[in-house]
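Let me begin by presenting the structure, written as structure tokens, before commenting on it.
Read-outs: derived from the displayed coordinates by stated rules, not from any lab. Source: prediction; values computed, not measured. Using ideal geometry, Cβ is built from the backbone for each residue, glycine included, and neighbour counts are taken over all protein chains shown.
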Amino acid sequence: MTDIALAIILGCCALGAGIAMIAGIGPALGEGNAVAKSCEAIGRQPESKSEVTSTMIMGCAIAETTGLYALVIAILLIFVAPGSFKNLLLEVVEKTAK
Amino acid sequence: MTETKKTGKPSRVIDVLLILMMVLPLLAAVVLKVLYTPESKGVDIHGALVYYAAEGADISQVISGDLIITEAQINSWLVIISITGFCLFLTHGLEEHAHSARQHLAEWLVEKAESLVSGNMGDFHLYITPFIMAMMGLSVFSSLMSLLGVFAPTSDLSVVFGWAVLVFFLILIAKICCGPKVFVKSMTADGPVVAALNFIGDFSTPVSMAFRHYGNVMSGAVIGVLVASFLQWLSRTVFGGIGAAFPLLQIGLPGILSIYFDVFSGGLQAFIFAMLTMLNLGGAFPLEDWLKRHDRRRKEKQAAQQTV
Amino acid sequence: MQSQQIISVNLWQIVISLCNLIILFLIVRRFLYKPVKKVLAQRQAHVDGVYEEADEARRRAEADQAAWAERMTHAREEADAIISRAAENARMNSDLMVSDAKNRADGIVRQAEEEALLTRQKAEEGIRRELAGVSAELAEKVLGREINESDHRALIDSFIDELEDSRDADQ
């Protein structure tokens, strides 16, 4: 019974991490759009290349934040959550055994 | 000729000492890493090694308040010593007529930083330049530490979070310095709900900055570890026992990845962290409004004096 | 040796890294920013000084040039004045000389005239005397008698006067 519970915990954590990383689509689309637009802008005005590039990098960095939040959640789910959930489960099992 | 030699000789000795001051901390970090790295079993992704923990400190907690000294702190101090040596080396023997490459480098650094600050915040805030320089230097050098194979302090959330908290306090101080009454009024003008939202928005700035920096550096580190362990497994399955002892396939690809994740991403994140700091600080201290208020106050004072 | 979780937030570590950044800020300001700024300011002051010196030198050169130009124009005026004065002097001298020469020539002419007049008077006197003597002798011879010489002389004088008058009138 405990084995099954542990397996469910691990599997759900991995699944949750994978689902969380779907958020990576958002920054990818956003940054791709930003880079495409800035390429257009550079093509239109090559003399303002450096300004457009630095602004684009700043924008990409900010757009990346949501993806990084997802990454943090995923890492928590993979590396931290299984351990703490396991401890929780064992505590509960011990209590019920007593 | 002899005199110049005499005056040149001690400076060269000092130069050597300063270069040692730059290099030795990095070497010490490598030595510490070699001495204290536990034997790894397969894929082992973990945070900083804990060198010292206070009595009863629970290390496995994600959020804790116990006093522990980790690899991240030690490496940060070593980086600080190294940067201090670098600064001293650059400014050693400064002359009015620049001859040495290092003086040119020092002046280039200062001028670049000043132009960056004045471009983002205006000339009024030039006093913040050394702070930006320190932030970028610490961030870049900390990220580059992973090139040596040691733990990069920036891949520890607490370290970057500390910097972000400092930036948060600076933003708060800038807002209060710009105009306490305006600050309070803007916070409480639209009712308690909006005030709470504003408050959360203010708090989210350092959190997002810290997560951005940490996430970029740490994701690079995680990918590096995963690729390295995959290559180890591959070389073991391909070459057998020799591959297990000498993971030949680990040569090459992790280095190329490290160029992107450590050098490019680390430098970019340092730049972005500094840029966001400057933009947030500049936004917290709107210079035109401040000057307008300042002028008005001065005029009022003058008018009061004239009436008296 | 234990290690932390890969994602962990520790209050003490936050405080330590915050202090680290502040310390590095102070270090950078003390050991890199201020010395470099000082050297840059020194160089700026030096360059300003050089520029000021150059400006000063140029101003002085311009002043010198103006003074020279003024002096040159003065010199020309002086030269003109000298030349005109010399010409004046020369003219005056020549006038003087010419007038002197004229005076002298006049004097010479007058003297000559006086001398001529004197000679003529003398000659007239002589002639008159001779004429008187001759006429007296003639009359003596003609009349055969001795006439009163004084009467005679008066007669002749009146005659000569008449002659003279008639000549003057002729002239």
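Summary of values
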| quantity | calculated |
| --- | --- |
| D (Stokes-Einstein, µm²/s), Kirkwood Cα radius, the protein assembly as shown, 1.306 mPa s at 10 °C | 47 |
| Sorted largest first, extent of the stretch C:1-70 alpha carbons per principal axis (Å) | 93, 19, 18 |
| Efficiency of FRET from Cβ geometry, C:ALA169 and C:ASN103, R₀ 30 Å, rounded to 0.05 | 0.30 |
| Stokes-Einstein D (µm²/s) once Rh is taken as the Kirkwood radius of the stretch B:41-198 over alpha-carbon pairs, at 10 °C in 1.306 mPa s | 82 |
| Size descriptor, Kirkwood hydrodynamic radius, that averages inverse alpha-carbon separations across the stretch B:113-166, Å | 12.3 |
| Convex hull volume per residue for the stretch B:28-111, taking Cα atoms only, in Å³ | 181 |
| Convex hull of the stretch A:1-44 built on C-alpha atoms - directionally averaged projected area, nm² | 2.7 |
| Debye log10 I(q)/I(0) at q = 0.20 Å⁻¹ for the stretch B:90-134, Cα point scatterers | -0.65 |
| Diffusion constant of the stretch C:11-121 at 25 °C, which comes from Stokes-Einstein with the Kirkwood Cα-pair radius and 0.890 mPa s, µm²/s | 103 |
| Fluctuation leader among C:LEU21, C:LEU155, C:LEU40 - chain C, Gaussian network, Cα springs under 10 angstrom | C:LEU21 |
| Relative contact order [Cα under 8 Å, 6+ residues apart], chain B, whole percent | 19 |
| Among B:ALA195, B:ALA54, B:ALA28: highest mean-square fluctuation, GNM of chain B, C-alpha pairs under 10 Å | B:ALA54 |
| Top of C:VAL47, C:VAL15, C:VAL36 by mean-square fluctuation, Gaussian network on chain C, Cα under 10 Å | C:VAL15 |
| Reduced Cα scattering model of the stretch B:196-308, Debye log10 I(q)/I(0), q = 0.11, 0.12, 0.20, 0.22 Å⁻¹ | -0.63, -0.68, -1.03, -1.11 |
| Convex hull of Cα atoms in the stretch A:52-98, direction-averaged projection (nm²) | 3.6 |
| Long-range tail of P(r) for chain B (Cα pairs > 25 Å, %) | 63 |
| Calculated Rg and Dmax of the stretch A:2-97 using C-alpha coordinates, Å | 21.4, 75 |
